[in-house]
Amino acid sequence: MRIAGHVALVTGAAAGTGRAIARRLEERGATVVTADLSDGIDVTDDAQLEALIADARPDILVNNAGGGGHVPPHFPEATKEQWSALLDLNLRAPMLATQLALAPMRRDGAGAIVNVASTAGLGDEPYASPEYGAAKAGLIRFTSALAAVGGVRVNCVVPDWVATERLTAEERAATPPPIPLERVAAAVLDLIRDDAAAGRAVELWRGQGGELSPTDIAHLRRCVALAQAAIEVGDEPFGSVLVDADGAVRFEDHNHEAGGDHTQHPELAIARWAAEHLTPEERAAATVYTSGEHCPMCAAAHGWVGLGRIVYASSTEQLTAWRAQLGLPAGPVRPLPIRSVVSGARVDGPVPELAAAVRALHVRFHTHGG
């Protein structure tokens, strides 16, 4: 489903995850309607929710409003009114919003609904807020049970601890770190765009590469395949893909250094192609996927051209360690991470599973010549 030109309703959008999702949808060309207590809209009030859905007539609904699991008292010490209110916010409200939005979406023959749950709804271990865990577990199962109705797809993102504004500096510095807001927003947009996605619950775990979406992983696998193709023609194993805001692959390439020009990196080729073929707005909204983190030369080109997010399978730190293990000499350029070259760059990676595959390609190239 193309996002541009559609009406998107995001609940709980005044801050945190909801605001990040609303911004990304707006960047992608959607007409975004937000609903939050700060706007005077209480999604647990049936009359207000009915009026909101009727007025907005969304093609895209993101049920993000929720929370409260961290606020004591919890069940069984919480009163019936307290735990009932939490269930209303985290389960009943998104169910009712979905029911209300389904009718016009089904008449139009298409629509996308994404529920924002939590990993609190997973597992079988004790949990501090049983009512919150039960609500989020219910929302996940509600999503998978509904899946697709009359051309309307219903999916769910299930994030671990998210780096919202309310986190303290100490909490943000935790290991593994909280999931960036943009990662959750990207997963939501992936589910909206993927016409094959229905009934999915995408888990986003801290520190495991799980915060990357299935679409991210698919593009990274393509980068690894391009890196392997580079070996077949005598080049070092690096491959990259440029994907636009609508999820379309616009350009892909692998290394071409075998001829003696050591600036023939795929990331640099992407930056040059994007500068010539994309508007500044399109470049900022695009994502570059690559088998290995950009070198300083390519990172600088990325920054100067104004491209958006970078996702890599393996890091500069990993590559440096692999080369040392193979007894290879250091290169003429310092192996700096992207953020040391481009301040404020949006970067995700590495992915352990794919990094292992990339390492195997480097070992193959340097020990067997491809």
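Filter segment 1-15 for residues that are more than 22 Å from residue 197 (Cα to Cα) and surrounded by fewer than 24 Cβ atoms within 10 Å (Cβ to Cβ) and give the result. Reasoning before the result, please.
As a first pass, look at segment 1-15 and keep what is more than 22 Å from residue 197 (Cα to Cα): 12-15.
14, 15, listed by residue number.
Which ranges mark the helices (runs of 4 or more DSSP H) fully within segment 216-334 that have 1 or more residues being surrounded by fewer than 20 Cβ atoms within 10 Å (Cβ to Cβ) and free of Cβ contacts under 8 Å to residues at least 24 places away in the same chain?
The qualifying helices (runs of 4 or more DSSP H) are 266-277, 280-285, 316-325.
For segment 175-186, does any single residue satisfy the condition of being among the aliphatic types (A, V, I, L, M), in contact with a Pro (Cβ under 7 Å, 6 or more places away or on another chain), farther than 30 Å from residue 364 by Cα and open to solvent by less than 10 Å² (accessible area, probe 1.4 Å)?
Yes; the residues of segment 175-186 include at least one that is among the aliphatic types (A, V, I, L, M), in contact with a Pro (Cβ under 7 Å, 6 or more places away or on another chain), farther than 30 Å from residue 364 by Cα and open to solvent by less than 10 Å² (accessible area, probe 1.4 Å).
Only residues that are open to solvent by 20 Å² or more (accessible area, probe 1.4 Å), of a type in the set (A, V, I, L, M) and under 18 Å from residue 120 (Cβ atoms): list them for segment 187-204, please.
201
Condition check ((1) closer than 13 Å to residue 98 by Cβ; (2) of a type in the set (A, V, I, L, M, F, W, C); (3) over 23 Å from the mean Cα position of the chain (by Cα)) across all residues:
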site	(1), (2), (3)
134	no, yes, yes
142	yes, yes, no
152	yes, yes, no
165	no, no, no
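From (1) modelled with pLDDT under 85; (2) within 30 Å of residue 314 (Cβ to Cβ), pick out the condition that doesn't hold for residue 168.
It fails just one condition, (2).
I'd like the full set of residues that are part of a loop (DSSP other than H, G, I, E, B) and either basic (Lys, Arg) or in contact with a Ser or Thr (Cβ under 6 Å, 6 or more places away or on another chain) (or both), limited to segment 142-177.
160, 166
Hey, could you check segment 339-370 for residues that are among the β-branched types (Val, Ile, Thr) and out of contact with any Gly (no Cβ under 9 Å at 6 or more places or on another chain) and say which is most open to solvent (accessible area, probe 1.4 Å)?
That would be 367.
Residues being open to solvent by 20 Å² or more (accessible area, probe 1.4 Å) and within 20 Å of residue 195 (Cβ to Cβ): count how many of those fall in segment 103-144.
So the count comes out to 6.
Of the residues that make up segment 16-27, is at least one surrounded by fewer than 16 Cβ atoms within 10 Å (Cβ to Cβ), basic (Lys, Arg) and within 18 Å of the chain's Cα centre (by Cα)? It would help to see each step written out before you state the result.
To start, the set of residues in segment 16-27 that are surrounded by fewer than 16 Cβ atoms within 10 Å (Cβ to Cβ) comprises 26.
With basic (Lys, Arg) added as a condition, the list becomes none.
No.
Listed here are the residues, each with its yes/no results for (1) at pLDDT 95 or above; (2) not acidic (Asp, Glu).
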{"residue": "228", "(1), (2)": "yes, yes"}
{"residue": "246", "(1), (2)": "no, no"}
{"residue": "258", "(1), (2)": "no, yes"}
{"residue": "305", "(1), (2)": "yes, yes"}
{"residue": "319", "(1), (2)": "no, yes"}
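For segment 271-302, name all the residues that are in contact with a Phe, Trp or Tyr (Cβ under 6 Å, 6 or more places away or on another chain) and over 19 Å from residue 361 (Cα atoms).
273
Just name the residue that is nearest to residue 167 (Cα to Cα) out of those in segment 28-58 that are under 23 Å from the mean Cα position of the chain (by Cα) and of a type in the set (A, V, I, L, M).
Restricting to residues being under 23 Å from the mean Cα position of the chain (by Cα) and of a type in the set (A, V, I, L, M), the top hit is 35.
Suppose we filter 138, 121, 150 for residues that are at positive phi and either free of Cβ contacts under 8 Å to residues at least 12 places away in the same chain or out of contact with any Asp or Glu (no Cβ under 9 Å at 6 or more places or on another chain) (or both); which single one remains?
150
The values are calculated or read from the model by the stated rules, or taken from the named source; none is laboratory data. Not measured: the values here are computed from a predicted model. Neighbour counts run over all protein chains shown; Cβ positions are idealised from the backbone, glycine included. Keep in mind that these areas ignore ligands, DNA and RNA; they rest on the heavy atoms of the full protein, side chains included. Shrake-Rupley method; radii C 1.70, N 1.55, O 1.52, S 1.80 Å.
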